[in-house]
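First up is the structure itself, then whatever we jot down about it.
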Amino acid sequence: MVTRRGFLKGGGLALLGVGLMGGIPGFLAEAAANDKIIRPYKRRKVLVCIFQRGAMDGLMAVTPFSDTYLQTVRPTLFISAAKDSNAHPLIDLDGKWGLHPSMQSFAPLYKDKRLAIVHGIGSPNNTRSHFDAQDYMESGTPFNKGTSSGWLNRAVGLLGHDALTPFTAVSLTSALPRCFYGDNPSVAISNLQDFAIQMRGNPSAAGKVASSFEDLYDQTSPGLLKETGKESFEAMKMLQKADTRNYKPDNNAVYPNSPLGNSLKQIAQLIKMDVGLEIAFTESNGWDTHFNQGAADGIFARNVTDLSNCITAFWTDLSSYQDDVTVMTMTEFGRTVRQNGTGGTDHGRASCNFILGNDVNGGMVHGRVEALAVENLEDGRDLAVTTDFRAVFSEVADKHLQLGNDRVLFPDWNGSKIGVMNSVS
C-alpha cells in the first residue's frame, strides 16, 4: 500500500517506467511553477561511480611490464614499455607499471597525483559468474545473495541529512542498478532531455505507483506538500528550465560520442546545476574480451580509449567543481593471466580500478601484486585478489562523503583501509 506521505518522502518525484518524451508532466510542471524558490541547494561533495560491466583485464590496462612470465603467457597480447622497439609502447608510470597506450589522457592526471590506481582488487567470493559477481559487488555483501539493499543506497542513508531533492542519488542508466536498491531515495534517468525516470528498486510497487502518481499528488494537502515536496519541486523546475540539449562544456572539454561520454556529460550538468546531487552512477559496457582482445589496437584498446577520454573530458569540464568530486571505477573481476586460443582472455579474479579526485592519494599504484608465477596465481591461473573491493569503496566513500559508518555501508566487512585517499578530505 503506497501512502501519500510514504510516496513523497520515500519515492520522491520518481516516475516508474514512464518515458516522458515531452518533459515533465503538465500537472507536475504547473505545481513546480507555482512554488516559490526558497533557497538554492547547498553545494555538496559528489561521488561518481562507473561500473565497467563484463570484467576488465586489469593486467592489460595497467601492466607489470617487467614480469617475464606475463610476457611468456601472452605472446600476442603483451605490450612492452620499450619505446625503441614498439610503435605503441606502454606509458611507463614508475619503472614497474605501465598504462595502456590508449589511455594517454590519464597520464597527466596520474603525474599530477590526482589519479590513483589500485591493483589486485576484487571480491573475496571466487565466483566467475558475471551476474553473481556484479550482484555481490553492488550489494556490498559478497557472501550474501539475500541482501535487499545496495551499498550506494546505504551510503545515501549515511549522508547525515534527509534527501529532500530527487537528485541526491542519480543513475544515468535506463534501469535502476542493483547498487541503488533499497529504502533511501534514488532514481534512474536514462536521458535528461527526455527525462525518462525509473523509481528506486521496488518492482512490486511499479504499477501502483505509476498509475496512481497523479491521484496521490491531487490528494496531497498543501501542508504535506510544503513539508516534504518543496525542495523536490524546485529541483524539478531547475531541471525543466535547463537547456540540457545545448549544453556547452567548460574549458573546451570534448566528450566522446559514446554512451559513457553522454552519461558523464549529463552528470556534469547536474553537478553544475546544484540540484543536490551527491552520488552518481553510470556504466561502461563491453569488457568481456574472450575473443580477439587485441593489444595496442582492437576491442580492448577502443574500450580503454573511451573510458579514459570520457573521464578526462568530465574532469576537464568540471573546472571549479573539481574539489567537490571524486570518480571511482569498478569491475566485477579480472581476466586470466594466460591468453586463450582465440586471442582473448577468460574470466579471472583480480583486476584494477581507477580513482580520480583532488582528495585522492594519487600518482601511485596501490595494492600488492606478487610476481606472476604459477605458484602465486589463484588456482594456478588468475591474478590473486589481495585487496578486498570493500576496503577501497569504503575508504573513498568515507573520506569524500564523510560517512564514517563501515558497519552499515559494508555490514560483513571488518578489514582495514589501504591509504588510497589523503588523510585530510
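Read-outs throughout are calculated quantities, based only on the coordinates presented, and are distinct from any laboratory measurement. Treat the numbers as computed from the prediction; the structure is a model and nothing was measured. Because the Cβ atoms are built from the backbone with ideal geometry, glycine has one as well, and the counts that use them run over all protein chains shown.
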I'd like to compare 409-418, 146-155, 328-337, 176-185: which one has the highest average count of other Cβ atoms within 10 Å, and what's the full order after that?
328-337, 176-185, 146-155, 409-418
Ranked highest first by average number of other Cβ atoms within 10 Å, how do 287-298, 73-84 line up?
287-298, 73-84
Past 28 Å, Cα to Cα: identify those pairs from Lys96/Lys272; Lys265/Lys417; Lys96/Lys145; Lys111/Lys399; Lys113/Lys265; Lys145/Lys265, in the order given.
Lys96/Lys272; Lys265/Lys417; Lys96/Lys145; Lys145/Lys265
How much net charge surrounds Lys111 when only other residues with a Cβ under 15 Å from its Cβ are counted (Lys, Arg +1; Asp, Glu -1)?
-1
With a/c under 1.5 counting as rounded, go ahead and sort the stretch 304-425 into rounded, prolate or oblate using the C-alpha gyration tensor (a ≥ b ≥ c being the square roots of the eigenvalues; past the cut-off, prolate if a/b is larger than b/c, else oblate).
oblate
Check which residues have an amide H placed less than 5 Å from Ser80's amide H, if you skip close sequence neighbours.
Leu90
Kindly identify the stretch 69-136 as rounded, prolate or oblate by the Cα gyration tensor criterion: order the square roots of the eigenvalues as a ≥ b ≥ c, call it rounded if a/c is under 1.5, otherwise compare a/b with b/c, prolate if a/b is larger, else oblate.
oblate
Can you figure out the FRET efficiency of Asn414 with Ser129, using R₀ = 30 Å and their beta-carbon distance, to the nearest 0.05?
0.70
Which whole-number percent gives the relative contact order of the stretch 269-350, counting Cα pairs below 8 Å spaced six or more residues apart?
31
